[in-house]
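These notes are about the structure you will find just below.
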Amino acid sequence: MAHPTNPPGFLLANLDKVRHWAQTRSMFTVTFGLACCAIEMMATGAGHYDLARFGMEVFRASPRQADLMIVAGRVSQKMAPVLRQVYDQMPEPKWVISMGACASTGGMFNNYALVQGVDQIVPVDIYVPGCPPGPQSLMHGILTLHDKIMSGEIAH
Amino acid sequence: MTDQRHRDKRNVDVWLTGTEDPDWLVESTDEGAQKMASQETTARLLEQEGLAVADDRLLDEDIAPDDELMIINMGPQHPSTHGVLRINIELEGEIIRRSKPIIGYLHTGMEKTGEELTWLQGPTNVTRMDYLAPLHNELVFSLAVEQLLGIDLPPRAVAIRVLMTELNRVSSHLVALATNGMDIGAISMMLYGFRDRERILAFFEKTTGLRMNHNYIRPGGVAADLPPDWQEDIEFILEKVPPRILEYEDLLKANPIWMGRTKDVGVITLEECLAYSVTGPTLRAAGSDWDLRKAFPYSGIENYHFEVPVGEHGDVYDRYRVRIEEIWQSLSIVKQAAESMPEGDYKTDDRKIAPPPRARIDESMEALIHHFKIYTEGFQVPEGEAYVAIESPRGELGAYLVSDGGSRPLRMHMRTPSFANLQALPVMMADSMIADTVATIASLDPVLGDVDR
Amino acid sequence: MAGDQIVEGSEEQAETPARTLPDQAILRSIAEQFTDIEWAPSTGQDVFMVPKDLVRDVVQAASEAGFEMLVDLTVTDYFRRRSSRFELVINLLSIQHELRLRLRAPVPVDDVRVPSVVPIYSGANFYEREAFDLFGLIFDGHPDLTRILMPDEWDGHPLRKDYGMSSVPVQFKGSHQVK
């Protein structure tokens, strides 16, 4: 705050920085567990890996209360409209993490049933590789998202 | 009210209760033919409700008029449906009258993909079906391929398979307990269950390279030998996990809230289980001692001593008790398997099926050719068809394979236990309270990857 | 029995081929009720080849003989390999006798109607819907024969061999709105 260029007597900060800081410190996740990755997502939230260290342990059942969607697992053609509807119900600003090979690219299932990458339905900010990604990978993805929000790289 | 209901809508200029089309609630949940069928006849209703088998408590006069029934939709995005299960529930007040599971939201087309993968690549595909018990999927696929090939395995490979699958049964039941607890409100049970699962997953990661979806058990044996200090790891698991299981029993067994939420909830009788093809802990909780490990033993599991726990009432509490007891029995099998682990090779020495050891490839031209052939073209399986089933943590897991003599299956079908068990859900939920729905679903322990494949 | 055929000469046997029956008493009792079903064991497992119109009768007989559970019902597509393209496969299980039985019924592509076994085993419900969804077999007498795994408006039956192997574009009409 006290910066040589700031006029004395004024409390000035970069408002964007405050906003970004607030956004990253209490990020609520909508539960969108689909397949194998959902189990790893639950394991990440549970005691051993303890996602609460990053203020991320609150999984909201309602998209209205969430600002991050972790698409954990394969998205089928039948699930695609549901996923888009849940995304549309989330308030701005919102972010999407595509967790795992299936959500990112369709993975090994290049067939009629799967959407070949969830980015065909919703815009994705972070892709987490792995099949399934371990809790460490998911945490790395989440922290990368935090960094990108803080640096203003992902502007919403 | 009846006159109003059947009046021509165009003549109604004010909206009155009861003037609407009687089916409007049904129509509003319409997704094509997946809406509930209308209540045309009693027989039709009983079929929908799952009461056509044994329970005929619901008689004609009990059926409320349409305008007192409400259809609510649960899922596919719901925290207590264990994935993407969707259920249409018809309520009369707080009582569930009918319900209809709607599945397919995780349909992955694995049976189609399985037709373009070679026999050796098959386990990579099937391991992602039941992602809580991946090793069982690999085992049943490999057993079916070996049945078609007609080969025998070295004793160490067989023993490793038993050791790993029984450990997997423990970790799967731990997640079942954890999610069951979480759905009813025992959040600490969820944290504990996942904590102890980590110990087993750590051993899996060390042995197979992955925490889930291992692709470890393959036709012809297993992919790698146990790690050098595996006995210490097993001892560590056998030392750390049993006290925790006792802790869960302290936490839940006589807990009045737990018992109030689970006793006499989601009851299913033995006859209904048989009619709806229900297997696994749900069938055993209803009073049958049917376990494929005893009836049709596989992988030499008849050489180990274990008992089959049986429940009495077929309710949620009995299913929970059966799972706890099965954890104890599986830990006992793991102990016996670790103590009697034979030395030797961990895969068959038939070089047409199992790839040669890495060191041999540098020395022998023939080994190099075999290695190349197995990983490109794959091995051929004689023409024929076979159905092999094992006892997975959820019930009878079967693989039906058809070969036309080539290096890929003509048809790969998996008989998955959750798919059949889910049919019994309307039977369990009929005439129960809406608040018991999540307890009933959780006690079935469905894995939606297993249902939809 | 095969040895006798060779010794006595094949001409008489060709006219009335001796029907092989299973040794197991329960399976034999089922086989004796029907003249048209054929005993065809496969890799040591008990299999009956059944004409498709007899499926329900044979399943009924098996049910009365002590097979309490229908564990599996599926279809195989022998596209361009056999004259009758599909084959309905039913796996039955007897818990009291610890016995398995598989029924295989060829189904030609120009007549895909098969009698439903839901009146006998309620558990066949989902399986027959799956067979309808993925292979297009029609089960006469099924209470609610609709798609189960694929969306209702889906074209074609994906597990048929002449259905494409690779991915299809997203069918969902909102997908173009991605910014």
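The values are calculated or read from the model by the stated rules, or taken from the named source; none is laboratory data. Every value quoted in this text rests on a predicted model; they were computed, and no experiment measured them. Virtual Cβ from ideal backbone geometry, glycine too; neighbours counted across all protein chains shown. Each accessible area value is taken on the protein alone, full model and side chains, heavy atoms only, with ligands, DNA and RNA left out. Shrake-Rupley method; radii C 1.70, N 1.55, O 1.52, S 1.80 Å.
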Distance violations [Cα-Cα > 22 Å] among A:17/A:94; A:78/B:112; A:94/A:148; B:100/C:52; B:240/B:347: B:100/C:52; B:240/B:347
For chain B: relative contact order, % (alpha-carbon pairs under 8 angstrom, 6 or more apart): 23
With eigenvalues of the C-alpha gyration tensor scaled by 5 and rooted, the protein assembly as shown, Å: 43, 36, 27
Carbon + sulfur, % of accessible area of region C:14-140 - ligands and nucleic acids excluded, 1.4 Å: 47
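More than 43 Å apart: what percent of Cα pairs in chain B qualify? All intermediate terms of the calculation are to be shown ahead of the outcome.
Working: 22552 of 102378 pairs.
Summing the P(r) of chain B above 43 Å gives 22 percent of all pairs.
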With all protein chains modelled, accessible area of residue B:91 [1.4 Å, Å²]: 10
Relative packing of peptides A:54-67, B:103-116 - highest average C-beta neighbours within 10 Å first: B:103-116, A:54-67
Average partner coverage of B:126-133, which counts Cβ from other chains inside 10 Å: 3
Cα-based helix-to-principal-axis angle, A:135-150 vs chain A, degrees rounded to 10: 40
Kirkwood-Stokes translational diffusion coefficient of region A:1-151, alpha-carbon pairs, 4 °C, 1.567 mPa s, µm²/s: 79
Alpha-carbon gyration tensor eigenvalues x 5, square-rooted, for region B:91-187, Å: 35, 21, 11
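Could you give the size of the charge dipole of chain B about its Cα centre, using +1 on the Cβ of each K and R and -1 on the Cβ of each D and E, expressed in debye and rounded to the nearest 20? Let's see the in-between values first.
Working: 45 positive and 75 negative charges, 287 e Å.
It works out to roughly 1380 debye.
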Neighbouring partner chain Cβ atoms per residue of C:161-170, average, 10 Å criterion: 6
Region B:68-109 and region A:23-88: distance between their alpha carbon centers, rounded to Å: 21
Interface residues in region A:54-80 - accessible area drops by 20 Å² or more relative to the isolated chain, probe 1.4 Å: A:61, A:74, A:76, A:77, A:78, A:79
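Report the antiparallel proportion of the DSSP beta bridges in region C:14-140 as a percent, rounded to a multiple of 5.
Around 75 percent of the beta bridges assigned by DSSP in region C:14-140 are antiparallel ones.
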In order through region B:290-299: 3J(HN,Hα) via Karplus (6.51 cos²θ - 1.76 cosθ + 1.60), integer Hz, x for Gly, Pro: 6, 9, 5, 5, 8, 6, 10, x, 10, 6
Region C:14-140: relative contact order in percent, alpha carbon pairs under 8 Å with at least 6 residues between: 21
Helix-only mean residue ellipticity at 222 nm for chain A, each DSSP H run of n ≥ 4 adding -39500 (n - 2.57), per residue, nearest 500: -10000 deg cm²/dmol
Those residues of region C:90-116 for which accessible area with every protein chain present is at least 10 Å² below the isolated value (1.4 Å probe): C:91, C:93, C:95, C:98, C:100, C:102, C:104
Two-decimal Rg/Rh across region C:14-140, once Rg and the Kirkwood Rh are taken from alpha-carbon atoms: 0.96
Degrees, to the nearest 10: A:80-89 long Cα axis against longest axis of chain A: 20
Rounded to 5, percent antiparallel among DSSP beta bridges of chain A: 5
Contact surface C-B: accessible area buried, both sides summed, square angstrom, 1.4 angstrom probe: 4200
Inter-centroid distance (Cα atoms) of region B:348-386 relative to region C:36-75, Å: 37
Calculated Rg and Dmax of region B:155-306 using C-alpha coordinates, Å: 17.7, 50
Carbon + sulfur, % of accessible area of region A:28-151 - ligands and nucleic acids excluded, 1.4 Å: 54
Percent carbon-and-sulfur accessible area, chain B, ignoring ligands, DNA and RNA, probe 1.4 Å: 51
Chain B - mean residue ellipticity at 222 nm from DSSP helices (-39,500 (n - 2.57) per run, n ≥ 4, rounded to 500): -13500 deg cm²/dmol
Amide H contacts of residue C:69 (H built 1.01 Å from N, under 5 Å, at least 5 apart or other chain): C:93, C:95
About the Cα centre, charge dipole magnitude for region C:14-140 (Lys/Arg +1, Asp/Glu -1 at Cβ), debye: 320
Average beta-carbon neighbours from other chains, 10 Å sphere, peptide B:74-84: 5
For region C:129-147 versus region B:219-235, the gap between their alpha-carbon centres in whole angstrom: 45
Within the protein assembly as shown, percent of DSSP bridges classed antiparallel, to nearest 5: 70
Interface size C-A, as summed buried accessible area [1.4 Å probe, Å², nearest 100]: 1500
Degrees separating the helix B:365-376 axis from the principal Cα axis of chain B, which is the longest one: 10
For the protein assembly as shown: accessible area per residue (Å², 1.4 Å): 40
Vicinal HN-Hα couplings computed from phi for region C:58-72 (Karplus, 6.51 cos²θ - 1.76 cosθ + 1.60; Hz; Gly/Pro x): 5, 5, 4, 5, 5, 4, 6, 7, x, 8, 7, 10, 9, 8, 7
